[in-house]
Amino acid sequence: MFITKNHEHYIEKSSFYLQEELARKCHLAVWEFDGKLSDILLQLPFQPDFILVNDLKPDYSPLIWGLKESPVPYGIIFHDLQYKIYRRKQFIEKENIRTIFSVYRDPFKKWYPEYTDRMIWLPHHVNINIYKDYQLPKEISWLMAGSLNPHLYPFRTLMHHFLKNEKAFVSYAHPGYRNVIDENGWLLGERYAKEINRSKMLLTCDSVYRFPVLKYFEAAACKTLVLGPSSKELEALGFIDGQTFISVSEHDFKEKSMYYLNDKEARESIAEKGYNMVRERHSTEVRVHQLLTYIEEIVRRSNG
């Protein structure tokens with residue numbers, strides 16, 4: 001059973017894509033309302049083998065209590081690890097959470113060191129039916145999309161400041177993480193993916209939290225060269241500087257962005273490798289296969 005809010009009309013639809021793929025690969029029950037787990041289970045047409053809660057944030061999941069009394073194994077996904085760390089730890093203890101699927105590896109180890117033995121790394125993933133190579137003309141030199149909050153994304157803000165007057169630079173504001181019924185006017189879904197695909201390069205950053213954010217994956221999946229800071233976690237994910245993306249810092253982003261604008265062969269070669277890497281390792285289908293493999297092992301151990 002997947003306990004989650006309905007993300008079909010959200011700006012960021014990873015949870016919805018995950019839910020869709022889970023429904024294709026297993027017998028899935030979805031629950032979207034607040035409640036006590038024992039009462040919820042009585043309303044299902046079958047007893048699930050495993051219960052997965054989609055985080056504690058109210059925009060991700062309904063309020064659920066009584067997990068510790070569950071007759072079957074259960075776990076939780078952590079997305080935004082910086083969100084109410086103390087409350088998360090309280091919930092882990094109160095509900096005896098033994099399995100935590102964390103989107104980010106190293107920040108989890110930093111902020112939740114006492115729970116590293118309960119953590120399973122479940123990185124970002126992309127729906128490659130949406131984020132793909134549409135074979136559109138590369139009419140945009142540099143694309144930037146997302147928040148320019150200088151407190152959260154100081155490096156992205158810096159890059160924007162220096163490139164905003166360049167003719168071939170295009171930037172889109174972030175509409176916020178919310179439910180959007182009318183998508184007119186916003187660059188979302190397939191339109192967003194096509195705009196990435198029209199771009200030679202996408203510039204992003206990993207925020208003050210050093211998160212390997214979803215934009216790295218989305219851009220690479222659209223066969224667009226990613227320029228952004230590197231990290232050990234990004235390397236482990238397959239984002240290797242000079243091979244599948246380009247690592248930039250505040251000292252060299254201008255030089256590198258100009259260099260790869262002019263060196264078409266190098267730019268396209270690295271973008272191609274990044275594209276193949278993301279499709280092979282980070283599609284939603286791949287991630288769901290990994291998730292179900294983890295869950296099957298947890299259920300097997302629980303059953304003795």
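Quick notes on this structure:
- Region 38-53, residues that are in a helix (DSSP H, G or I) and not β-branched (Val, Ile, Thr): Ser38, Asp39, Leu41, Leu42
- Applying the set (1) in a helix (DSSP H, G or I); (2) buried (at least 20 other Cβ atoms within 10 Å of the Cβ); (3) touching a Phe, Trp or Tyr at 6+ places or on another chain (Cβ under 9 Å) to Lys215 leaves exactly one unmet item: (3).
- Qualifying residue in region 250-257 (condition: closer than 18 Å to Lys273 by Cα, over 15 Å from the mean Cα position of the chain (by Cα) and in a loop (DSSP other than H, G, I, E, B)): no
- Only a single item in (1) crowded, with 17+ Cβ neighbours inside 10 Å; (2) part of a helix (DSSP H, G or I); (3) touching a Ser or Thr at 6+ places or on another chain (Cβ under 8 Å) is not met by Leu261, and it is number (1).
- When Leu81, Leu67 are screened for being surrounded by 13 or more Cβ atoms within 10 Å (Cβ to Cβ), modelled with pLDDT of 95 or more, closer than 17 Å to Trp31 by Cα and of a type outside the set (Gly, Ala, Ser), only Leu67 passes.
- In the set (1) surrounded by 14 or more Cβ atoms within 10 Å (Cβ to Cβ); (2) of a type in the set (Phe, Trp, Tyr); (3) in a helix (DSSP H, G or I), the condition left unmet by Phe239 is number (3).
- Qualifying residue in region 38-49 (condition: within 22 Å of Ile120 (Cα to Cα) and surrounded by fewer than 20 Cβ atoms within 10 Å (Cβ to Cβ)): yes
- Taken over region 5-37, residues that are loosely packed, with under 15 Cβ neighbours inside 10 Å and either touching a Cys at 6+ places or on another chain (Cβ under 6 Å) or assigned to a helix (DSSP H, G or I) (or both) amount to 3.
- Lone unmet requirement of (1) farther than 30 Å from Glu139 by Cβ; (2) without any contact (Cβ under 8 Å) to a residue 24 or more places away in the chain; (3) within 26 Å of the chain's Cα centre (by Cα) for Gln290: (2)
To keep it simple, each residue is scored yes or no on (1) under 17 Å from Leu187 (Cα atoms); (2) outside any helix (DSSP H, G or I); (3) at pLDDT 95 or above.
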site: Asp117; (1), (2), (3): no, no, yes
site: Gln135; (1), (2), (3): no, yes, yes
site: Pro150; (1), (2), (3): no, yes, no
site: Leu158; (1), (2), (3): no, no, yes
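- Lone qualifier among Lys110, Lys57, Lys68, Lys89 - being among the basic types (Lys, Arg), assigned to a loop (DSSP other than H, G, I, E, B) and not assigned by TED's automatic domain parsing to the domain that holds Tyr192: Lys57
- Met119 falls short on exactly one of the conditions (1) without any contact (Cβ under 8 Å) to a residue 24 or more places away in the chain; (2) outside the structural domain of Glu20 (by TED's automatic domain parsing), and that condition is (2).
The values are calculated or read from the model by the stated rules, or taken from the named source; none is laboratory data. Predicted model, so just to flag it, every value in this text is computed and none were measured. In this analysis, Cβ positions are derived from the backbone assuming ideal geometry, glycine residues included, and neighbour counts consider all displayed protein chains.
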